[in-house]
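Report on the structure given below.
The values are calculated or read from the model by the stated rules, or taken from the named source; none is laboratory data. Keep in mind that what you see is a predicted model, and the values were worked out from it rather than measured. In this analysis, Cβ positions are derived from the backbone assuming ideal geometry, glycine residues included, and neighbour counts consider all displayed protein chains. Accessible surface areas use protein heavy atoms only, side chains included; no ligands, DNA or RNA. Shrake-Rupley method; radii C 1.70, N 1.55, O 1.52, S 1.80 Å.
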Amino acid sequence: MAPGLTTKADNHVLALPLAKDDAASTVYQNEDQDTLVQKSKKYLLGFGSDIHDEIVTGTRGLYFYTASGRRLLDWTSGQMSCLLGHGHPEIVRVIADHAMHLDHTFSGMVSPPVVNLAERLCGMLPAGLDRALFLSTGGESNEAAIKLAKVYTGKFEVVGLGASWHGVTAQAVGAQFHFGRSGHGPLVPGTMMLPAPNAYRSVFRKDDGSYDWEAELEYGWRMVDLQSCGSLACCIVECIQSSGGMHVLPPGYLAALKRYCERRGMLLIVDEAQTGVGRCGDLMAIEHEGVVPDILTLSKTLGNGLPLSAVVTSEQIHRVSQQKNFFFYTTHLNDPLVAAVGDKVLEIVDRDRLVRHAREVGEVLHRGLRGLMARYGCIGEVRGRGLMAGVEIVTDRTSKTPGTELARRIGDRVFEHGLWANLSSHPSFGGVFRIAPPITVTAAQIEEGLDILERAFAETEGSLPLY
């Protein structure tokens, strides 16, 4: 069992009604499912995505508990955030202690948790990532990072990647090209796009049919240079484009991207909202390629589900930006309660060797997913690294036609059997299961989830069994 995890894998009972003495019993255990659904449809403002009809009334370890009596193995860490699982006892104690004694301060004040987190985080990161600022959400951290790059360089143009997702605030949404740009008028001027690095579908191919990402990247920068007015400030990128379908940057891509930026006097921003703090088998995904960006942003995993994000940069960028009056001041800037949680998360990840654990258990996950791909022809590709994985569903492997409807039906069966694995069902995703369990997951719980996936594929018409 992974250190710090207090629940156990309990095969064959995931979707059964809760026992009265179940550890996840909460004050909401007697809520009525239908009543909650009706009220949610009446009072909640729409936000661009369907609300799931299953009402979650409790969480514990690696499980969701619902008003209808289901117990679901959580393979998405909530919203890809709950890195150590739900209700981790040490995290709970930190929250309780700081809610009582040190919860929120004036934004211009600092407190021990903020200083401690900054020291620990910068001490764990490569040289050149020396100063940290703490905010609430991933979008907010990317907003601050882009503004920092603009102030430092004195330029304003921003380059993002197709299939990217960086948030919904003004500059963040302007630099993302997967979804969310339409319906609200002009975006921030000066945003440009590089082709999404998609080894499975890219038209850039070498003579042997392999993916030619170098030619694709060079072509993309030629297009950027043609569009630019000579004011290129920064490029922002994810090491794994999760919302775009779990596409991993090809080996060498990040280093090449930094060189393209340096030639143009731009800063490189790496957004590690989902990949950071161990999930991919390295403390940070940048370490897999040995690339140090000019600015690193963290969110999601750093707060274990609480709203905490970070912007980390060099001493030089800090010094120059201060001279140029960089300003980013929010109500929850450097809040002590969430900073204390972030510090505890980093402590636990380091102490319990969870980076290595994520790498080792990730091998179990990917081996199992590749086994499913060998069994079912509707799986076009399995990709990812560590405890991040994408499973792309197609109608057939020859045409690679996205199997969105088939994926939805498979996802429904997966859910019925007690596993929550996020299906990127929006047409822009094309039907990709995004898998990112807490890094405290055990090998037994991975096998448990794989068994559920196997059962769902076997029971779904159109999954194209190969034997």
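Among the strands (runs of 3 or more DSSP E) confined to the range 368-461, the ones with at least 2 residues that are closer than 21 Å to residue 83 by Cβ and open to solvent by 10 Å² or more (accessible area, probe 1.4 Å) are located at 379-385.
Residues considered: 333, 302, 306. Of these, the only one that is within 21 Å of residue 122 (Cβ to Cβ), at pLDDT below 95, not assigned by the TED database to the domain that holds residue 444 and not β-branched (Val, Ile, Thr) is 333.
Would you please name the residue that is nearest to residue 442 (Cα to Cα), looking only at residues in the range 86-130 that are assigned to a loop (DSSP other than H, G, I, E, B) and not assigned by the TED database to the domain that holds residue 279? Talk me through it step by step, then tell me what you get.
Taking the range 86-130 as the starting set, the residues that turn out to be assigned to a loop (DSSP other than H, G, I, E, B) are 87-88, 102-111, 125-130.
Filter again for not assigned by the TED database to the domain that holds residue 279, leaving 87-88.
On the way: 87: 16, 88: 15 Å.
Ranking the candidates gives 88 first.
On inspection, residue 59 qualifies as of a type in the set (S, T, N, Q), open to solvent by 30 Å² or more (accessible area, probe 1.4 Å), within 21 Å of the chain's Cα centre (by Cα) and at pLDDT 85 or above. Of all residues in the range 243-290, those satisfying the criterion of being in a loop (DSSP other than H, G, I, E, B) and farther than 24 Å from residue 124 by Cα are 243, 244, 245, 246, 250, 264, 265, 266.
Among the residues making up the range 167-181, those that are in a loop (DSSP other than H, G, I, E, B), in contact with a Gly (Cβ under 7 Å, 6 or more places away or on another chain) and touching a residue at least 24 places away in the same chain (Cβ under 8 Å) are 167, 168, 169, 175, 178. Flag set for residue 410, criterion: more than 30 Å from residue 355 (Cα to Cα) and of a type in the set (A, V, I, L, M, F, W, C). Of the conditions (1) within 19 Å of the chain's Cα centre (by Cα); (2) in the same structural domain as residue 269 (by the TED database), residue 366 clears all except one; give me its number. Single failed check for residue 366: (2).
Of the residues that make up the range 324-335, is at least one open to solvent by less than 10 Å² (accessible area, probe 1.4 Å) and at negative phi?
Within the range 324-335, not a single residue is open to solvent by less than 10 Å² (accessible area, probe 1.4 Å) and at negative phi.
Taken over the range 91-113, the criterion of being surrounded by 14 or more Cβ atoms within 10 Å (Cβ to Cβ) and either of a type in the set (Lys, Arg) or within 30 Å of residue 358 (Cα to Cα) (or both) is satisfied by 91, 94, 95, 98, 113.
Rundown of residues vs (1) aromatic (Phe, Trp, Tyr); (2) at pLDDT 95 or above; (3) in contact with a Cys (Cβ under 9 Å, 6 or more places away or on another chain); (4) farther than 18 Å from residue 237 by Cα, yes/no style:
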| residue | (1), (2), (3), (4) |
| --- | --- |
| 107 | no, no, no, yes |
| 110 | no, no, no, yes |
| 117 | no, yes, no, yes |
| 144 | no, yes, no, no |
| 167 | no, no, no, no |
| 196 | no, no, no, no |
| 205 | no, yes, no, yes |
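Applying the set (1) assigned by the TED database to the domain that holds residue 308; (2) of a type outside the set (D, E, K, R); (3) crowded, with 22+ Cβ neighbours inside 10 Å to residue 170 leaves exactly one unmet item: (3).
Restricting attention to the range 136-166, the residues that are open to solvent by 10 Å² or more (accessible area, probe 1.4 Å), in contact with a helix residue (DSSP H, G or I) (Cβ under 7 Å, 6 or more places away or on another chain) and assigned to a loop (DSSP other than H, G, I, E, B) add up to 1.
What's the total number of residues in the range 62-86 that are touching a residue at least 60 places away in the same chain (Cβ under 8 Å) and at positive phi? Counting residues in the range 62-86 that are touching a residue at least 60 places away in the same chain (Cβ under 8 Å) and at positive phi gives 4.
Scanning the range 48-81 for residues that are assigned to a loop (DSSP other than H, G, I, E, B) and under 18 Å from residue 92 (Cα atoms) yields 62, 81.
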